[in-house]
Amino acid sequence: MLTITDCSVLKAAPLGDRQASKFFLLRLNAPGWTAEEWRPGQFVMVRPVAWESDLPLPRPFSICEVNKEELGLFFQVMGKGTARLGTLRAGDTVRVLGPLGNFFAMEADRPTLMLAGGMGLAPFLGYAHRHPKPQNLSLLFGHRPALDSYPFERLRGLGLLKNYHEQKPGDLRIFLQAVDESIQDNARRNGLILACGPMPFLRAVRDMGKKYGASIQISMENRMACGIGACQACVVKPFVEGGSADRPLPPVFRQGLPVPVCTCGPVFWADTVDLD
């Protein structure tokens, strides 16, 4: 059980013809995790105590930041549950299950390119702050809502940080071209690529990676109901021929049956799961 210390709206952003959606930074008192107990890329399941039986299922969120004072989460209002979360105030209590799932690889001396689409920015805040050599990091961020809808400023310390605002036809093509060029450059330097965002974005990154022989991890945003692999609501099909000698497939993947994203992911090597 954790206590809310702050729930701040960043901006109301119109999404096409849909009702304006709000973006929130949710801060809770520190869960007491040590650096060994959580890794960037993991997530938590959150359910306010006040929900009682009204909304029975918790909501999953990538871990943004963890320090001695607080746990930080970033979310966008997309439905009834997240709308209710946006009404939380300091002093409210929530049940938090986590940290859950696996995490992004972190190799201090390896050039690491972070690719984020929209809400896929969330896990990279914690990743950048935990990385022992942030000078080896770079980030490309594509988004439709305005930049101040996201906690982008908290990443300003990185040496190479680029954002692409999709406002008109052609902007997405420009962003994806920049992603393609960055993946090619990173692969040439035997770097590591991490991607998080909507499925069409992850497919595009995967295909570019194949073209250049890049090492890519993706974080999937599948809907989750339990967070512990019991409900099988978030499954993905693994590729039994995926993996390599230096990163062999987990035994459960070799069975060829769908695996839960919440327990076998949310981070996967891009060549080990079927994104289609």
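The values are calculated or read from the model by the stated rules, or taken from the named source; none is laboratory data. All values derive from a computational prediction rather than experimental measurement. Positions of Cβ are backbone-derived with ideal geometry, glycine not excepted, and every protein chain shown enters the neighbour counts. Ligands, DNA and RNA are stripped out before the accessible areas are found, and what is left, the full protein with its side chains, is counted by its heavy atoms. Shrake-Rupley method; radii C 1.70, N 1.55, O 1.52, S 1.80 Å.
Condition check ((1) at pLDDT 90 or above; (2) of a type in the set (S, T, Y); (3) touching a Phe, Trp or Tyr at 6+ places or on another chain (Cβ under 6 Å)) across all residues:
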residue: E36; (1), (2), (3): no, no, no
residue: M45; (1), (2), (3): yes, no, no
residue: R59; (1), (2), (3): yes, no, no
residue: C64; (1), (2), (3): yes, no, yes
residue: E70; (1), (2), (3): yes, no, no
residue: F75; (1), (2), (3): yes, no, yes
residue: L100; (1), (2), (3): yes, no, yes
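Quick grid of which residues meet (1) modelled with pLDDT under 95; (2) under 21 Å from D6 (Cα atoms); (3) polar (S, T, N, Q):
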| residue | (1), (2), (3) |
| --- | --- |
| R89 | yes, yes, no |
| D92 | yes, yes, no |
| Q135 | yes, no, yes |
| Y150 | yes, yes, no |
| E153 | yes, yes, no |
| N163 | yes, no, yes |
| I183 | no, no, no |
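Give the residues of the range 107-143 that are under 17 Å from the mean Cα position of the chain (by Cα), open to solvent by 30 Å² or more (accessible area, probe 1.4 Å) and farther than 17 Å from Q217 by Cβ, sorted by residue number. The answer is M119, H129. Has the range 183-199 got at least one residue that is assigned to a loop (DSSP other than H, G, I, E, B), under 25 Å from V44 (Cβ atoms) and of a type outside the set (A, V, I, L, M)? So far as the range 183-199 goes, yes, one or more of its residues are assigned to a loop (DSSP other than H, G, I, E, B), under 25 Å from V44 (Cβ atoms) and of a type outside the set (A, V, I, L, M).
Would you check which residues across the range 159-186 are within 23 Å of R130 (Cα to Cα) and open to solvent by 20 Å² or more (accessible area, probe 1.4 Å) and list them? Break it down into steps so the answer makes sense when it comes.
The first filter runs over the range 159-186 and keeps only residues within 23 Å of R130 (Cα to Cα), leaving 159-163, 182-183, 186.
If the condition is that a residue be within 23 Å of R130 (Cα to Cα) and open to solvent by 20 Å² or more (accessible area, probe 1.4 Å), then G159, L160, L161, K162, N163, S182 are the ones that fit.
For the range 261-272, filtered to residues that are outside any helix (DSSP H, G or I) and at pLDDT 90 or above, the residue that is surrounded by the fewest Cβ atoms within 10 Å (Cβ to Cβ) is W269.
With respect to K210, determine if the residue is exposed (fewer than 14 other Cβ atoms within 10 Å of the Cβ) and not in a loop (DSSP other than H, G, I, E, B). Judged against the criteria, K210 is a match. Is one or more of the residues making up the range 106-113 touching a residue at least 40 places away in the same chain (Cβ under 8 Å) and part of a strand (DSSP E or B)? Yes: one or more hits.
Looking across the range 144-153, the residues that are surrounded by 14 or more Cβ atoms within 10 Å (Cβ to Cβ) and touching a residue at least 40 places away in the same chain (Cβ under 8 Å) come down to R144, P145, A146, S149, Y150, P151.
The criterion of being within 15 Å of I63 (Cβ to Cβ), in contact (Cβ under 8 Å) with a residue 60 or more places away in the chain and crowded, with 16+ Cβ neighbours inside 10 Å holds for G101.
For every residue, the table says whether it meets (1) of a type outside the set (K, R); (2) more than 26 Å from L147 (Cβ to Cβ); (3) touching a residue at least 40 places away in the same chain (Cβ under 8 Å).
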| position | (1), (2), (3) |
| --- | --- |
| G170 | yes, no, no |
| R173 | no, no, no |
| N222 | yes, yes, yes |
| I228 | yes, yes, yes |
| F239 | yes, yes, no |
| P266 | yes, no, yes |
| W269 | yes, yes, yes |
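Inside the range 47-74, residues that are open to solvent by less than 20 Å² (accessible area, probe 1.4 Å), under 14 Å from L2 (Cα atoms) and more than 18 Å from the chain's Cα centre (by Cα) make up a count of 1. Yes or no: the range 239-250 includes at least one residue that is among the acidic types (D, E), assigned to a loop (DSSP other than H, G, I, E, B) and buried (at least 17 other Cβ atoms within 10 Å of the Cβ). Taking every residue of the range 239-250 in turn, none turns out to be among the acidic types (D, E), assigned to a loop (DSSP other than H, G, I, E, B) and buried (at least 17 other Cβ atoms within 10 Å of the Cβ). Residues considered: V96, V44. Of these, the only one that is open to solvent by 10 Å² or more (accessible area, probe 1.4 Å), assigned to a strand (DSSP E or B), of a type in the set (A, V, I, L, M, F, W, C) and not assigned by TED's automatic domain parsing to the domain that holds R173 is V96.
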